[in-house]
Amino acid sequence: MKPIIHPSLFLLLIVLSTALSFTACNREKKAGSEAVQTAPDISIFAVNTTMAVQGQIRDYLALSGDIVSGTTVDTFSDVAGKITRLYVSIGQRVSRNQAIAEVDPSRPGMNYLPGVARAPIAGTIVALPAQVGMTISQSLPLARIAGGNALELRVYVAERFISKIALRQPCEITLDAYPGELFRGSVVEISPVVDPASRTMEVKINVENRNAQLKSGMFAKVKIVTERKDRIVKLPAGALVQRFGKTYVFTAETDPRDPAFRVARQKVVVPGILVDGVAEIQEGLAPDEEVIIRGQTLLEDGSRINVIDRVAPLSDTN
C-alpha cells in the first residue's frame, strides 16, 4: 500500500526546493561578480615621444632698427653765396676732392670768382639739400656723403636687458626685402648713457653688406646672441612637467616585469635656459633617452604606455 502525502506537505517541499535552488544561483553569481571586481584594472596611456639630444643652444635678444651708413660726412662751402651749379645727384658715387657744387660769392657792386665745394671723402651721395639758386652760408651743408659700403644697424635696448649686451656679440639680421636670407654682424658700439625718456640704450651693429644688397634706410630685425652653450642636453620644452615645486620628465622604458609592454619612468631634472620652445637640461637626463613629449600630464611613475608616434629629435644646433 503506497504512502499518502498530504497536499500541504507536498506544497511545502516544492517551496523549499525552489528557495534552495535560488540561493545557490545567487551565490554563484556573487562569486562570479567578486572574481570580476578583483581582476586587476590596468590603464594604458597613449603618448608621443622623442629623443633627448646633445648639442648647442643660444639665448638671444630680438630687436629691430634702421640700417644707416657707418661713415657719414657733410660737405660745406668755403664761401657764402648763391649756388650756381650742382655737379652730383643723389645715389652717385664720388671720389675724394671731386667737385660737388659751385658757389658764387658775388654781391651787388662786387664780383668774385665762383668757389667750388669738394667732397671731403669718397663715397655715395645720400642727401643733397643744396639746390641751384639757393643762397647759403658756410654752416649750411651742401651734400651728405656715406663713405664706402660700410653699414650699421642702430637698435635700442630696454634698460632691463642692458646687462646682457657686450661688444663683439654675434648678430643675425633679417630683412623683409630679402626673405629667407640671413645677414651677419656684431655689436661694435654701446652707448655709455641711457635715454631717460625712453629708458633705452643705443647699440650699433656692423652689417656684412655682401653684393651691396643692403641700403641705408632699410628696416631690419636682429637677434643679438647673448649666451651660447655647447654640448648640452636639450629637448622640447613641452616635455617638462611641474609638480609640487619640482620639474620632471617622463621617459619611455621597457617594463622589467613584462618586456612585451612599456612603462613611463618619472625623472627629476634641473632645467637651464629656455629658447624658442627648446629647454636645456642641466641635470637628471642623458642624451639619447626617449622622452615623452605628449600625453604625459596624467602619468605616474610606472604607468603603462603605448607609443603611438615618435617625433624627430631636435637639431644639434639651435
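Of note:
- Neighbours of G217, meaning other residues whose beta-carbon lies under 13 angstrom from its beta-carbon, give a summed charge of +1 when Lys and Arg score +1 and Asp and Glu score -1.
- Listed values (i) 29, 50, 19, 3; (ii) 21, 28, 20, 14, 8, 5, 3, 1, 0; (iii) 32, 57, 11, 0 include one computed from this model; for P(r) over Cα pairs in 20 Å bins from 0, in percent that value carries the label (ii).
- Dipole of the chain [Lys/Arg +1, Asp/Glu -1 at C-beta], most positive-end residue of Q296, M134, M51: M134
- Tilt relative to the chain, helix 7-38 - C-alpha long axis, 0 to 90 degrees, to 10: 30
- Most fluctuating residue given options E300, E290, E227, as computed from a GNM of the chain linking Cα atoms under 10 Å: E300
- Positive contributions from Lys and Arg (+1) and negative ones from Asp and Glu (-1), summed over other residues with Cβ under 9 Å from the Cβ of Q56, come out at +3.
- Modelled this way, with points 7 Å down the Cα-to-C-beta line, the labels at D74 and Q131 are 1.9 nm from one another.
- Counting only DSSP beta bridges with both residues in the chain, the antiparallel share comes to about 95 percent.
- The length gained on full extension between N97 and K164, counted as 0.36 nm times the residue separation minus their Cα-Cα distance, comes to 19.8 nm.
- For the chain, built as a Gaussian network whose Cα springs stay under 10 Å, the top-fluctuating residue of T251, T200, T84: T84
- Selection from S69, A80, L214, by position along the positive dipole direction of the chain (Cβ): A80
- Each of the peptides 76-82, 192-198 was scored by the mean count of other Cβ atoms within 10 Å over its residues; in descending order, highest first, they stand as 76-82, 192-198.
- Most mobile listed residue (S106, S69, S186) in the chain, GNM with C-alpha springs under 10 Å: S106
- Point-charge dipole on Cβ atoms (K/R +1, D/E -1) for the chain, about Cα centre, debye to 20: 280
- Mean-position separation - Cα centroids, the range 210-267 and the range 63-110, in angstrom: 55
Each reported figure results from applying straightforward, stated rules to the coordinates on display, with no laboratory input. Model, not experiment: these values are computed from the prediction. So basically every Cβ, Gly included, is an ideal-geometry build from the backbone, and we count neighbours across all protein chains shown.
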